[in-house]
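Report on the structure given below.
Please treat every number below as a calculation from the coordinates, not as lab data. If you're wondering where the values come from, they're calculated on a predicted model, not measured in any experiment. Here the Cβ positions follow ideal geometry from the backbone for every residue, glycine too, while neighbour counts run over all protein chains shown.
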C-alpha cells in the first residue's frame, strides 16, 4: 500500500506583511517628484515685481523693468489686464507670443518716453542759448525837430561823407522814388539811344492837351502803357532823363507815335474846326545823372 501524504491547506500570507518578506520581486522605481510646469515659476517675495513674476492686483498683471541710460536709470511698471493668451497654450506652451506682445508694448512706451526726453533736452538747450542782440535802430528825425536841427544834422553828416559816399546816398534816394516801369524806361535808354516824344497843344487856347507822349513805353515793354506820360514827367522832374530836338533819322518812329490811340484822341480833342492841334516833336534820352545812376547800379551788382 502507498503511503498517504497528508493534505495541507495553502499557506495564507498576512496582508500587513510586505511582499518582499514573502517572495523575491523586482524593486519598484523610486518616486520622482513632479516638476512644476514652465508657466508655474516660483513666486518672489510679496511686493517684489519683476519681468518674469507679475503681480496680480485687481484683475491686472504688472511687470517691472529697469534700464540704465545716459540720463539715469529708468524703472517702468507695465500693467496688463488678465486675458486669454493670444495663441492657445498647446501651440505655445512657453507663452512666447504673449511675452513678445508685452515686449512690443513696452518698446512703444519706451519710444514715446525717449521722444519726450529728447524734446525736453532740446528745449532746455535752446532756452539756455542767449538770443542774439538786435542792432539798435538808428535814431530817426522827430517830426517836431526844427528846421535848424534838421539842417545841422545834414551838415554834420556831410562833413563825414566823401564824394563817393554822397553820390551813393543820392543814387539811393533816387532809386527809392522809382517804380518798376520807370526803371524799365531808364534801362531802355541806357544804351545812349533816344526815343520820339510829342506834346499836343490846343490852338484855340494854347493849352497842353497831351504832354510827354513817348514811344519809349513800347520799347521798354512797360506794364502800364497809358501811364507813360506820367512816368516820363516824373523822370524829368528827378533829372534822370532830358528832352532834345526832333531826331530826323527817326521819321518812321514819329509816324508810329502819331498813330497811337492816345495821341489821335488828343489831336482830335484839341482841334476846333479848321484849327488843327499843334504838335511839338521832341526826343527823349537819358541825362548825365541818369547815366551815372545806371552805371553805379550795374557796377554795384
**Study point:** Full-extension gain in nm, residue 74 to residue 155, via 0.36 nm per residue minus C-alpha separation
**Key:** 22.0 nm
Revision key, fill the gap. Classified through the alpha carbon gyration tensor (a ≥ b ≥ c as square roots of its eigenvalues; rounded if a/c is under 1.5, else prolate when a/b is larger than b/c, else oblate), segment 152-199 comes out prolate
Revision key, fill the gap. If the chain between residue 278 and residue 122 were fully extended at 0.36 nm per residue, the gain over the current Cα-Cα distance would be 48.4 nm
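Quick one: if the Förster radius is 25 Å, what FRET efficiency do residue 259 and residue 204 give, using the C-beta to C-beta distance and rounding to 0.05? All intermediate terms of the calculation are to be shown ahead of the outcome.
Details: r = 24 Å, r/R0 = 0.96.
In this case the efficiency is close to 0.55.
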Practice item. Describe numerically, in nm with one decimal, the distance between label points set 7 Å from Cα along Cα→Cβ at residue 230 and at residue 190. Key: 2.5
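How do 118, 209 line up, fewest other C-beta atoms within 10 Å first?
Values: 118 10, 209 18.
Fewest-to-most ranking of 118, 209: 118, 209.
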